[in-house]
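Novice: Below: one structure in structure tokens.
The values are calculated or read from the model by the stated rules, or taken from the named source; none is laboratory data. Predicted, not measured: the structure shown is a model, and the values here were computed from it. Glycine gets a Cβ as well: all are built from the backbone with ideal geometry, and neighbour counts include every protein chain shown. Protein only, heavy atoms only, side chains kept; ligands, DNA and RNA dropped before computing areas. Shrake-Rupley method; radii C 1.70, N 1.55, O 1.52, S 1.80 Å.
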Amino acid sequence: MIGAILGDMIGSPYEFDRGNKSKEFPLFSPESTYTDDTVMTLAVAKAFLDINENTKDEEILQNLAKSMREFGLMYPDVGYGSRFYTWLFDPKCQAYHSYGNGAAMRVSVVAWLYNDIEAVKHAAKLSALVTHDHPEGIKGAQATACAIFLARTGHSKVTIKEYIEHEFGYDLSRTCDQIRKHYYHVETCMETVPEAITAFLEGDSFEDVIRTAVSLGGDCDTLTAIAGSIAEGFYGVPLELKEECYSRLPQPLLEMLERFEKYLQQID
């Protein structure tokens, strides 16, 4: 999960096509900060840590909605989309058939909490359904979670690529150079998740994946959060980057991240 948060922070200054589409940029600056990607990732973490193996799907959905609203209302000004913002402030709002990339940006935690790919897919679907119940929103969340799960369980990039293409139908044949030339700010799963996975496939270290993702442009914080979440599973995260991440989080978010990491250590 910390890979997603770092991707969010590092990509945030370059969102809305504000970068120069280069891999040469400072990893951190005064503008590098957490956004809605981080807040919702940690909200999903809380929702899943607060359940047990006997919790029914409907209860999980209710727990997700509660946790996402709790964290969202603590941090209301971090870049939510307009439809999510409406949902956040109106408890009567239901899922709104979104296929936005928000479903994929917040899903990483489930890939670490379950040890079976079908269970990961199911949990990813639930994490999307609470707001992003369009088939493409669900697919984006599931594809991201499966890529992370395969990465963290020792599968090769070739296997990950083949699985995602076969299972979800994403076109991963383009290179980052081909994508970069015509890519722009777009917030759909269909035009963010394949690009993020491609950045992961081309990168040769955690940091290089992050730099490659940022260089594509577009919705940089979210694209890089997705790419970073997969890269964490494959490469791990350098200690100095973890420490930088911890230092940039407010205490409630840091405590949630620490709770999640402690839980993973206990079940490892």
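Novice: Considering all projection directions equally, how large on average is the shadow of the alpha-carbon convex hull of the chain, in square nanometres?
Specialist: 12.5 nm²
Novice: Residue-wise, which Karplus ³J(HN,Hα) couplings in Hz belong to region 95-105, taking 6.51 cos²θ - 1.76 cosθ + 1.60, θ = phi - 60°, and x for glycine or proline?
Specialist: Whole-Hz 3J(HN,Hα) from phi for region 95-105: 3, 10, 6, 7, 10, x, 6, x, 5, 7, 5.
Novice: Now, a different point. Quick check: net charge around Cys220, other residues with Cβ under 9 Å of its Cβ, Lys/Arg +1 and Asp/Glu -1?
Specialist: -3
Novice: Computed over the Cα atoms of region 128-268, what is the ratio Rg over Rh, Rh following Kirkwood? Mind showing how you got there, number by number?
Specialist: Values: Rg = 15.3 Å, Rh = 15.8 Å.
With Rh from the inverse mean 1/r over Cα pairs, Rg/Rh is 0.97.
Novice: Give the residue list of chymotrypsin sites (Phe, Trp or Tyr not before Pro) in region 56-99 that are DSSP loop and have at most 16 other beta-carbon atoms within 10 angstrom.
Specialist: When the chymotrypsin sites (Phe, Trp or Tyr not before Pro) of region 56-99 are filtered for loop state and at most 16 Cβ neighbours within 10 Å, Tyr96 remain.
Novice: Starting from region 159-256, pick out the chymotrypsin sites (Phe, Trp or Tyr not before Pro) whose DSSP state is loop and whose Cβ has at most 15 other Cβ atoms within 10 Å.
Specialist: Here the sparse-neighbourhood loop sites are Tyr184.
Novice: Take the solvent-accessible surface of the protein heavy atoms, probe 1.4 Å, and return the percent of it on the chain that carbon and sulfur atoms account for.
Specialist: 49 percent
Novice: Calculate, for Phe25 and Asp77, the FRET efficiency according to 1/(1 + (r/R0)^6) with r their C-beta to C-beta distance and R0 22 Å; round to the nearest 0.05.
Specialist: That gives a FRET efficiency of 0.30.
Novice: As a test of the formula, what do you get for the chain when each DSSP H run with n ≥ 4 contributes -39,500 (n - 2.57) and the sum is divided by the residue count, at 222 nm and rounded to the nearest 500 deg cm²/dmol?
Specialist: Values: 15 runs with 173 residues, N = 268.
Taken over the chain, the calculation gives -20000 deg cm²/dmol.
Novice: Accessible area per residue, 1.4 Å probe, Å², for the chain: what's the number? The partial results should precede the final answer.
Specialist: On the way: 11330 Å² over 268 residues.
That works out to 42 Å² for each residue.
Novice: How much length, in nm to one decimal, is gained on full extension between Asp50 and Glu240, taken as 0.36 nm per residue of separation minus their Cα-Cα distance?
Specialist: Working: separation 190, 0.36 × 190 = 68.40 nm, distance 2.98 nm.
Going from the current span to full extension adds 65.4 nm.
Novice: Report the longest stretch of the chain that contains none of the trypsin sites (Lys or Arg not before Pro) sitting in a DSSP loop with at most 11 other Cβ atoms within 10 Å.
Specialist: On the way: sites that count: Lys56, Lys92.
The reported range is 93-268.
Novice: State which helices in the chain qualify, where a helix is a whole DSSP H run, it must extend 20 Å or more along its own axis by its Cα atoms, and its mean Kyte-Doolittle hydropathy must be at least 0.0.
Specialist: Sorted by number, the helices that extend far enough and score high enough are 135-152, 220-235.
Novice: Of Lys139/Lys262; Lys92/Lys121; Lys23/Lys242; Lys21/Lys262; Lys66/Lys121; Lys23/Lys125, which sit over 25 Å apart, Cα to Cα?
Specialist: Flagged as over cut-off: Lys139/Lys262; Lys92/Lys121; Lys21/Lys262; Lys23/Lys125.
Novice: Which value, in debye to the nearest 20, gives the size of the charge dipole of region 113-268 about its Cα centre, when Lys and Arg are +1 and Asp and Glu are -1 at the Cβ?
Specialist: Values: 14 positive and 26 negative charges, 24 e Å.
Using Cβ point charges on Lys, Arg, Asp and Glu, region 113-268 gives about 120 debye.
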